[in-house]
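Heads up, the thing below is written out as structure tokens.
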Amino acid sequence: MRDDHDRGSTNTALPSTPELGEPADLLSDVLQAVRLTGALFFLVDASSPWVAEAPASDVLAPVVLPRAQRLISYHVILEGRCWCEVPDGAPVALEAGDVVVLAHGDPYVLTDTCGARAGYSEDALLAWFRQMVAGELPMVVVEGGGGGGRISVLCGFLGCDVLPFNPVLTTLPRVLHLPRPLDGAPDRLTPLLDFLVSEIADRREGRRSMLLRIGELLFVEVVRRHLAGIRPGATGWLAGLSDPVVGRALAALHAQPSRAWTLEDLAKLAMCSRSALAERFMQMVGQPPIQYLTRWRLQLAASLLTSSEAKVSAVARDVGYESEAAFSRAFKRLLGRSPAAWRSAPQRATEVGAGKR
């Protein structure tokens, strides 16, 4: 066990984390480490009948954002109604103000008629996305058969890391559907959406960069809305953030990931017994606290390896390992290749068991 949890120094290249006792922002901590990046954004203005299809993330990501391990797609219904369908899943009815997020790489269909398919080949779909990424198509896509039912949808695509460990994605459902807020409820999405629509219409220089950045903000706000709506008794990493026991332990691990934490140390901070912490953490997060720490350290290490020129030995120290050998063993055990090999060619999510606990 000591091999996986040795002391080390904290490097400034690591995500900014608070000292113990300060308010934690673990969602920002994770999204920074997994390199959330805007990739593509456009508006669909459609009329009935209308069908839009997208292939699986592992097929689409090399076209839209080649370095991304996972391509997340999300759609905001501005006007009209439609359906979102994934293979072997129940159709999800969407209406104006709703948001749908597909974070696990599934192929999917958006359509105004449940069960309808356009029948496009995968090659044809990829060719269309290549043109959109290259800026060869307008940012307002006009589709459909010219019927009376109008549908307006904002479509966003984001890239992020899945490996070694992305706790946000592991806790999101296969199809995340967020209905529009109730009248009078706080709504921070609407101002962002209004700004996006005006940027698309104005055709000002730099609008693509602006749209991608705001697209990232939209996704973060969607996750925050989902987090705010998690009910008592739910499990998962996001639910754990607000749990009085698990939340304290997570905040401590993220604040000082290179510290040689023990279960006893964490239990004292969480103000409970070791057994209570272990049981509660396992129930909420799906793995023991020290195993979570190991995976989080390796996620930080993977990010450093691909974003900096630091030596492997320095990365090992920065994330809490006294020896490069211990770090390399832990890294290879989880990811199937050495840190040096990862740096030269990071694995795609489909190469190993992405998201496995």
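The values are calculated or read from the model by the stated rules, or taken from the named source; none is laboratory data. From a predicted model like this one, the values you see are computed outputs, not experimental measurements. Counting neighbours? That spans all protein chains shown, and the Cβs are built from the backbone with ideal geometry, glycine included.
Worth pointing out:
- When Gln347, Gln291 are screened for being of a type in the set (S, T, N, Q) and at pLDDT 95 or above, only Gln291 passes.
- Count - residues of the range 260-273 that are closer than 25 Å to Thr170 by Cα and either in contact with a Leu (Cβ under 9 Å, 6 or more places away or on another chain) or loosely packed, with under 14 Cβ neighbours inside 10 Å (or both): 5
- Residues that are surrounded by fewer than 19 Cβ atoms within 10 Å (Cβ to Cβ), part of a strand (DSSP E or B) and among the charged types (D, E, K, R) within the range 67-83 comprise Glu79, Arg81, listed in sequence order.
- Residue match in the range 279-286 (condition: without any contact (Cβ under 8 Å) to a residue 40 or more places away in the chain, over 27 Å from Leu178 (Cβ atoms) and under 25 Å from the mean Cα position of the chain (by Cα)): yes
- Only residues that are of a type in the set (S, T, N, Q) and part of a loop (DSSP other than H, G, I, E, B) were counted in the range 299-320, giving 1.
- The set of residues in the range 115-131 being modelled with pLDDT of 95 or more and closer than 18 Å to Ala46 by Cα consists of Leu125, Trp128, Phe129.
Yes/no matrix, rows are residues, columns are (1) over 17 Å from the mean Cα position of the chain (by Cα); (2) under 22 Å from Gly97 (Cα atoms); (3) of a type in the set (A, V, I, L, M):
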position: Arg203; (1), (2), (3): yes, no, no
position: Arg207; (1), (2), (3): yes, no, no
position: Leu211; (1), (2), (3): yes, yes, yes
position: Glu216; (1), (2), (3): no, yes, no
position: Ala234; (1), (2), (3): yes, no, yes
position: Pro244; (1), (2), (3): yes, no, no
position: Gln256; (1), (2), (3): yes, no, no
position: Trp261; (1), (2), (3): yes, no, no
position: Glu264; (1), (2), (3): yes, no, no
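- Number of residues in the range 321-339 that are in a loop (DSSP other than H, G, I, E, B) and touching a residue at least 24 places away in the same chain (Cβ under 8 Å) equals 3.
- The number of residues in the range 25-50 that are buried (at least 20 other Cβ atoms within 10 Å of the Cβ) and over 28 Å from Ser198 (Cβ atoms) comes to 5.
- Residue in the range 313-320 that is over 19 Å from Ala341 (Cβ atoms) and without any contact (Cβ under 8 Å) to a residue 60 or more places away in the chain present: no
- Here the condition is being at pLDDT 95 or above, within 24 Å of the chain's Cα centre (by Cα) and within 20 Å of Leu212 (Cα to Cα); of Val101, Val92, it holds for Val101 alone.
- Qualifying positions in the range 157-191 - over 18 Å from the mean Cα position of the chain (by Cα) and surrounded by fewer than 17 Cβ atoms within 10 Å (Cβ to Cβ): Pro179, Pro181, Leu182, Asp183, Gly184, Ala185, Pro186, Asp187, Arg188, Thr190, Pro191
- Filter result (out of contact with any Asp or Glu (no Cβ under 7 Å at 6 or more places or on another chain), of a type in the set (D, E, K, R) and over 15 Å from Ala46 (Cβ atoms)) within the range 132-175: Glu136, Asp161
- Residue in the range 205-217 that is part of a loop (DSSP other than H, G, I, E, B) and within 30 Å of Gly135 (Cα to Cα) present: yes
- Condition broken by His104, with the remaining ones in (1) touching a Phe, Trp or Tyr at 6+ places or on another chain (Cβ under 6 Å); (2) under 24 Å from Ala39 (Cβ atoms) satisfied: (1)
- Residue within the range 212-224 that is free of Cβ contacts under 8 Å to residues at least 40 places away in the same chain and loosely packed, with under 15 Cβ neighbours inside 10 Å present: no
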